[in-house]
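Asker: I have a structure here, written as structure tokens, and I will follow up with some questions on it.
What follows draws every value from the coordinates through simple rules; no lab data is involved. From a predicted model like this one, the values you see are computed outputs, not experimental measurements. Here Cβ is always computed from backbone atoms with ideal geometry, including for glycine, and neighbour counts include all displayed protein chains.
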Amino acid sequence: MSNLRRERDEMLTHQQQESTTDAAHVRAVQRENVQLNLKLKSVLAELEEIRSQREHVGMQADNVTRLQVKQLAELSATVKALEVHLHHLVRIPRKLGRVRMILVLGYWVLGIWAIFTDIG
């Protein structure tokens, strides 16, 4: 009987030790779980911030692209207008040359006419 009591006491002691060890292990796992949950929340918050920044940068890029397209169209229109103006400026000397030639011919014709009218 004393053997049974001794075995029972040993088993109870062993069970208490295992229970204490298990409880310590459970507490350690619970602490780790809390730490992992905090880390997960932190990572999720960071992910949301990065998504928000990416969306903001995308909107800014779209705005810049629209502005550049508008500026390019305006510059293209300005270049075309300047090309037309340059074309007209290039034609002015030619026109002036023709006007001079007409004036010279006109004076020549008038000179000849004056000669013929003086004779007659």
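Asker: With a Förster radius of 41 Å, plug the Cβ-Cβ distance of HIS14 and GLU48 into 1/(1 + (r/R0)^6) and report the FRET value to the nearest 0.05. Write down the numbers at each step before the final one.
Answerer: Working: r = 50 Å, r/R0 = 1.23.
The value I calculate is 0.25.
Asker: Same structure again: Of LYS95, LYS80, LYS39, which is the most mobile in a GNM of the chain whose springs link Cα atoms less than 10 angstrom apart?
Answerer: Highest fluctuation among the options: LYS95.
Asker: In a GNM of the chain with a 10 Å cut-off on Cα contacts, which of SER19, SER52, SER42 has the highest mean-square fluctuation?
Answerer: SER19
Asker: Tell me the angle of helix 2-119 to the major Cα principal axis of the chain, expressed in degrees between 0 and 90 and rounded to the nearest ten.
Answerer: 0 degrees
Asker: Roughly speaking, what % of Cα-Cα pairs in the stretch 1-89 are separated by over 22 Å, rounded to a whole number?
Answerer: On the way: 2763 of 3916 pairs.
Pairs farther apart than 22 Å: 71 percent.
Asker: Quick one: length gained pulling ASN63 to GLU7 fully straight, 0.36 nm per residue minus the C-alpha distance?
Answerer: Numbers: separation 56, 0.36 × 56 = 20.16 nm, distance 8.21 nm.
Additional length available on full extension: 11.9 nm.
Asker: Using a Gaussian network model of the chain whose springs link C-alpha atoms within less than 10 Å, name the residue from LEU47, LEU82, LEU105 with the highest mean-square fluctuation.
Answerer: LEU105
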